[in-house]
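Here is the structure we will look at.
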Amino acid sequence: MTCRCILRCVHDNIQRKTNKWNSLHTQFRYFHVTCQKKRPLVLGIESSCDDTGAAIVDESGHILGDALYSQHLIHLNHGGIIPPIAKDLHIKYINPIVSQALERAGVTPKDLSAIATTVKPGLPMSLMVGLLYGTKMAKEHNKPFIPIHHMQAHALTVRMVEKVNFPFMVFLVSGGHCLLAVVKDVDEFYLLGNELDDAPGEALDKVARRLKLRNIPGYETLSGGGAIEKMAKLGDHLSIRFPVVMTQTLNCNFSFAGLKQRAQEIIQEEEQKYGIVADEIIPTVANFCASFQYAVARHMIRRLERALIYAEAKGFIPERPKSMVLSGGVACNEFIRDAVRQVCNKYDYELFCPPPKLCTDNGIMIAWNGMEKWIAGKGITKDIDSITVENKSLIGKSLIEDVENTRIRLRNPVKLVQNKDASQETTS
């Protein structure tokens with residue numbers, strides 16, 4: 001047999017095996033897609049603020065495909081979110097993002113069981129982009145439409161990855177929200193406390209901007225909260241005393257405006273003291289960040305303690321160990337997460353936190369909230385054209401007044417300990 005004949009035999013053998021493999025791959029792909037069609041699949045679309053997200057999940061919480069476009073760096077350069085710019089970027093990227101999520105999932109719109117879209121709360125112009133796209137898609141493909149409350153989605157996301165049964169307590173902390181609520185069911189929430197002015201993420205971001213942390217190498221692309229957290233690890237959290245936030249009523253509401261104002265005053269005093277000009281950074285920046293972060297966490301856990309005592313008195317969460325969910329962008333802050341864990345340990349709560357990817361805004365949490373409602377047969381709209389967006393919306397029924405009337409005083413509040421530092425704060 002000549003060399004040419006040998007090569008031809010080898011080539012034919014390889015070709016036969018390749019064809020066989022391609023055939024098996026095609027059959028597997030067909031089987032995979034066919035299986036996807038037989039089980040519920042929900043597409044989630046998120047555009048409430050400055051992130052355009054889309055994802056497809058199944059009833060088991062498997063993420064079949066997701067995509068996200070973040071406007072973070074663009075708004076960082078503007079010093080804050082500019083609604084018209086956010087809207088234009090949502091319009092530009094929403095179709096590519098949804099198409100990418102579907103492609104990664106290996107499905108088409110006709111394979112979906114329903115389409116879920118954030119409609120409240122958020123920036124109206126941004127929300128409207130997602131709503132118009134989601135409802136148009138639902139009409140074109142004759143799919144049920146599920147309007148989603150952004151904060152309820154944050155509260156339930158953890159159930160994708162952890163066994164957290166109803167009822168449970170949720171603590172949502174982000175750049176736009178700070179609230180405590182009891183989650184009784186997929187569509188039943190009881191609000192115990194809410195932000196009165198600035199949210200913690202907003203306060204951290206504005207103080208970080210005032211500190212000019214972006215001028216420090218390695219901090220250029222960090223969020224304000226992330227920059228403060230990183231710098232705080234180098235400082236002493238007891239070096240600068242911030243006032244304890246006091247309110248006239250014994251409630252679980254949050255107020256960070258006073259802390260933010262005091263922070264700006266201290267920064268100005270430090271700049272004058274050290275002759276800081278232009279883009280220079282105060283030399284006490286690490287201690288300042290550690291102290292400010294500590295003050296924010298201290299205020300948060302005071303309200304959290306009162307909420308847990310109230311829930312105990314009302315018998316809202318009877319089973320032990322009780323479940324506490326900490327979610328939202330600020331939940332990624334390790335110091336704040338550890339502060340919440342210390343409170344949970346005192347009151348016999350097991351703390352659950354979604355992975356960092358699921359704490360920030362994304363299409364996955366919207367898809368999962370849609371799936372939970374789809375399975376429960378709740379919240380599926382019958383009149384798509386009646387859906388509107390809302391910039392403000394409580395997470396559920398407010399019990400804030402009842403919390404105030406209960407007049408719960410903290411007799412022995414948790415004293416925060418940073419890492420292994422034995423130093424403790426003096427509380428009033």
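With n ≥ 4 as the cut-off for DSSP H runs, can you work out [θ] at 222 nm for the chain, using -39500 (n - 2.57) per run divided by the number of residues, rounded to the nearest 500? Walk me through the numbers before you get to the answer.
Details: 13 runs with 197 residues, N = 428.
Result for the chain: -15000 deg cm²/dmol, rounded to the nearest 500.
For the stretch 282-428, what mean projected area does the convex hull of the alpha carbons give, in nm²?
Hull-based average projected area comes out at 13.2 nm².
Could you order the peptides 383-389, 137-143 from most to least packed, using the average number of other C-beta atoms within 10 Å per residue?
In decreasing order of mean packing, 383-389, 137-143 become 137-143, 383-389.
Cut-off is 10 Å between beta-carbons; in what order do Phe316, Phe166 appear when sorted fewest neighbours first? Show your work: numbers first, answer last.
Numbers: Phe316 20, Phe166 14.
Lowest to highest Cβ neighbour count: Phe166, Phe316.
When Thr108, Thr135 are ordered from fewest to most other Cβ atoms inside 10 Å of their Cβ, what list results?
Lowest to highest Cβ neighbour count: Thr108, Thr135.
For the stretch 53-180, what does the relative contact order come out to in percent, with C-alpha contacts under 8 Å and a separation of six or more?
On the way: 148 pairs, mean separation 27.0, N = 128.
Relative contact order for the stretch 53-180 comes out at 21 percent.
So what are the three principal axis dimensions of the chain from its Cα atoms, in whole Å, longest to shortest?
For the chain, the Cα extents along the three principal axes come out at 92, 53, 42 Å.
Take every DSSP beta bridge with both residues inside the chain and express the antiparallel ones as a percent of the total, to the nearest 5.
Looking only at bridges with both residues in the chain, the antiparallel portion is about 55 percent.
Given contacts defined as C-alpha pairs under 8 Å and at least six residues apart, what's the relative contact order of the chain, whole-number percent?
Normalised by residue count, the contact order of the chain is 22 percent.
List every DSSP H helix in the chain whose Cα atoms extend 15 Å or more along the helix's own long axis and whose mean Kyte-Doolittle hydropathy is at least -1.0.
Qualifying helices, which must be both long enough and hydrophobic enough, are 3-38, 83-105, 124-140, 200-211, 285-314, 334-346, 363-376.
Where does the charge balance sit around Asn165 when Lys and Arg score +1, Asp and Glu -1, over other residues with C-beta under 15 Å from its C-beta? Before the final figure, lay out each step's value.
On the way: positive: Arg159, Lys163, Lys184, Arg320, Lys322; negative: Glu162, Asp185, Glu188, Glu319, Glu350, Glu372.
Taking every other residue near Asn165 into account, the sum is -1.
In what sequence do Asp185, Asp51, Asp197 fall when counting other Cβ within 10 Å, fewest first?
Lowest count first: Asp185, Asp197, Asp51.
First select every other residue whose beta carbon is under 14 angstrom from the beta carbon of Ile97; then total the charges, Lys and Arg +1, Asp and Glu -1.
Values: positive: Lys92, Arg104; negative: Glu46, Asp50, Asp51, Asp66, Glu103, Asp361.
Here the charged neighbours net out to -4.
Please give me the summed charge of the neighbours of Arg409: other residues whose Cβ is under 15 Å from its Cβ, Lys and Arg +1, Asp and Glu -1.
+2
Spelling out what I want: for every residue of the stretch 235-243, take phi, set θ = phi - 60°, compute 6.51 cos²θ - 1.76 cosθ + 1.60 (Karplus), and round to whole Hz; glycine and proline get x.
Per residue, the Karplus-derived 3J(HN,Hα) values read x, 9, 6, 9, 6, 10, 8, 9, x Hz.
Using θ = phi - 60° and the Karplus curve 6.51 cos²θ - 1.76 cosθ + 1.60, what whole-Hz ³J(HN,Hα) does each residue of the stretch 385-390 get, with Gly and Pro shown as x?
5, 8, 6, 10, 9, 9
Taking amide H positions as placed 1.01 Å from N in the peptide plane, with prolines and chain starts having none, which residues 5 or more places from Gly193, or on another chain, fall under 5 Å of its amide H?
Leu180
Tell me the relative contact order for the stretch 286-369 as a rounded percent, counting alpha carbon contacts under 8 Å between residues six or more apart.
Numbers: 58 pairs, mean separation 26.1, N = 84.
Result for the stretch 286-369 is 31 percent.
Rg to Rh for the stretch 217-325: what is it, with Cα atoms only and Rh by Kirkwood?
1.10
Quick one: 3J(HN,Hα) in Hz for the stretch 115-121, Karplus 6.51/-1.76/1.60 with θ = phi - 60°, rounded, Gly and Pro as x.
For the stretch 115-121, the Karplus-derived couplings read 10, 10, 9, 5, 10, 5, x Hz, x marking Gly and Pro.
A short reminder: the numbers here are calculations on the coordinates, not readings from a lab. The structure presented is a predicted model; accordingly, all values stated were derived computationally and were not measured. Note that we place each Cβ from the backbone using ideal geometry, even for glycine, and neighbour counts take in every protein chain shown.
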